[in-house]
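These notes are about the structure you will find just below.
Readers should treat all values here as calculations from the given coordinates under stated rules, not as data from a laboratory. All values derive from a computational prediction rather than experimental measurement. Reconstructed Cβ throughout: ideal geometry from the backbone, glycine too, with neighbour counts over all protein chains shown.
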Amino acid sequence: MNDWEPWLVATAALHLGFQLTVTAVVYPALADVPPADWSAAHAAHSRRISYVVAAAYLPLLGVGLWALVDGPVDVGLVVAAVGAAVSFLTTAAVAAPTHGRLGSGRTDALVARLLVADRVRLLGAVVCLAGALVAVLAG
């Protein structure tokens, strides 16, 4: 067993737990905020969620890089890396800019875009954990 394997599974599981919570609880609650309360609720969400995003993404990024550098690079590790990349890139390219626009005001189209991006990130997190488990079981 490689030193990084249990850490990859742990950080991938942490990431999936975070993403499931956002998908099942956080974003539905945010989407239900009435337009009159939107600015305050969205600003509070944006302040609070950044700490949790960092706590979930940074360890996964670090362990993922460690695993890719240390190797061996097998199918499970590649799948885990692709899943993590999907989540990270969707956050950077879609969710974060959409949150920026939502800071100026809520529209149904922007909320819908955020919810779709969130489901893509969830799929990435599931793929990441599946790949991490394959990497450990195959190794």
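Would you pick out the residues in region 84-97 that are without any contact (Cβ under 8 Å) to a residue 60 or more places away in the chain, under 12 Å from Cys128 (Cα atoms) and among the small types (Gly, Ala, Ser)?
Ala85
Kindly evaluate Val69 against the criterion of being part of a helix (DSSP H, G or I), surrounded by fewer than 17 Cβ atoms within 10 Å (Cβ to Cβ) and over 19 Å from the mean Cα position of the chain (by Cα). When the stated conditions are applied, Val69 passes them.
Among the residues of region 51-73, the one identified as touching a Ser or Thr at 6+ places or on another chain (Cβ under 9 Å) and touching a residue at least 60 places away in the same chain (Cβ under 8 Å) is Leu60. Of all residues in region 25-32, none satisfies being closer than 15 Å to Ala125 by Cα, surrounded by 13 or more Cβ atoms within 10 Å (Cβ to Cβ) and not aromatic (Phe, Trp, Tyr). Considering only region 78-135, state which residues are farther than 23 Å from Ala41 by Cβ, over 15 Å from the mean Cα position of the chain (by Cα) and surrounded by fewer than 21 Cβ atoms within 10 Å (Cβ to Cβ). Result: Val78, Val79, Leu133, Val134. Against the definition (assigned to a helix (DSSP H, G or I) and under 16 Å from Leu133 (Cα atoms)), how does Ala109 come out, yes or no? The answer is no for Ala109. Any residue at all in region 74-83 that is without any contact (Cβ under 8 Å) to a residue 12 or more places away in the chain and assigned to a helix (DSSP H, G or I)? No: region 74-83 contains no residue that is without any contact (Cβ under 8 Å) to a residue 12 or more places away in the chain and assigned to a helix (DSSP H, G or I). The residues listed here are Gly83, Gly105; of these, the one that is among the small types (Gly, Ala, Ser) and closer than 24 Å to Gly139 by Cα is Gly83.
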